[in-house]
Amino acid sequence: KELVVNINNTSIKLSYGVGGLHSVNSNEEYISNSDYQVVTSDVASLYPNLIINYNCIRYPEVLQRYLEVKDERIEAKHAKNKPKDSFLKLILNSTSGLLDNQHSWLYFPEGAMRLRLIGQVFLTKAIEVCIINNWQVISANTDGIEVLVPKNQLDLYEQQINQVAIDFNLEFEHEDYNKIIYKNVNNYLAVTKKG
């Protein structure tokens, strides 16, 4: 289903589907300036955290092992062990697809639906907070949003958006962009403040 939102500074089309919540962007460009900052806010390990937080795996012993793999991945990431980090990330992320695969022993359609819907509700809530505060949401893609925020409200933005994550037992990671140019929501170029 698609939802067109035209409220305050935000004018965006949101698409809700099996792959999550995505905005419909086409040939758009957003540039930070002296008044506004393009900010990206992505959830750290959205699907693994939703799987753990909302018991999206049928078997408790498998869910426990999944949590252990997630902890191992965090250790590898902090230790800058890229091969182990990448391998464990692949295991964690591929599990979400196996929950929805009728040929997998992990098949659990209720868990897959729970994962999908809670992710969409979470991202919709983050978008709502932005709209209420009159911050322009420019895109959304499964686990994060890009927003045009007045520079004098950046601290308030992070405080408000981080509260949404806390309410769902998740955590946002934020980065500032100098510029983002979209072909579409999955194909874009972004220039970070760090270059």
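Tabulated data
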quantity: Residue list for the stretch 145-174, restricted to those being open to solvent by 90 Å² or more (accessible area, probe 1.4 Å), closer than 26 Å to Tyr188 by Cα and in a loop (DSSP other than H, G, I, E, B); calculated: Glu171
quantity: Test: residue in the stretch 57-68 that is among the aliphatic types (A, V, I, L, M), assigned to a loop (DSSP other than H, G, I, E, B) and open to solvent by 30 Å² or more (accessible area, probe 1.4 Å); calculated: no
quantity: Neighbours by Cβ (under 7 Å, 6+ apart or cross-chain): first from the stretch 84-100, among the polar types (S, T, N, Q); second at pLDDT 95 or above; calculated: Thr95/Ile51; Thr95/Tyr66; Thr95/Leu106; Ser96/Ile51
quantity: Residues of the stretch 24-43 satisfying the condition of being touching a helix residue (DSSP H, G or I) at 6+ places or on another chain (Cβ under 9 Å) and open to solvent by less than 70 Å² (accessible area, probe 1.4 Å); calculated: Ser32, Gln37, Val39, Ser41, Val43
quantity: Test set (1) outside any helix (DSSP H, G or I); (2) closer than 23 Å to Asn186 by Cβ - Asn134 fails condition number; calculated: (2)
quantity: Single condition Ile91 does not satisfy, out of (1) over 30 Å from Thr10 (Cβ atoms); (2) modelled with pLDDT of 95 or more; (3) aliphatic (A, V, I, L, M); calculated: (2)
quantity: Members of the stretch 75-84 that are surrounded by 14 or more Cβ atoms within 10 Å (Cβ to Cβ) and either of a type in the set (A, V, I, L, M, F, W, C) or at pLDDT below 95 (or both); calculated: Ala76, Lys77
quantity: Every pair of residues 6+ apart whose Cβ atoms lie under 9 Å, when the first sits in the stretch 58-74 and is touching a residue at least 40 places away in the same chain (Cβ under 8 Å) while the second is open to solvent by 70 Å² or more (accessible area, probe 1.4 Å) and assigned to a helix (DSSP H, G or I); calculated: Arg58/Glu110
quantity: Whichever residue in the stretch 5-55 is among the β-branched types (Val, Ile, Thr) and part of a loop (DSSP other than H, G, I, E, B) and, among such residues, is farthest from Asn178 (Cα to Cα); calculated: Val18
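The values are calculated or read from the model by the stated rules, or taken from the named source; none is laboratory data. This structure is a prediction, so every number in the text was calculated from the model and none was measured. Glycine also receives a Cβ, built like all others from the backbone with ideal geometry; neighbour counts cover every protein chain displayed. For the accessible areas, the whole protein counts, side chains as well, though only heavy atoms, and no ligand, DNA or RNA atoms are used. Shrake-Rupley method; radii C 1.70, N 1.55, O 1.52, S 1.80 Å.
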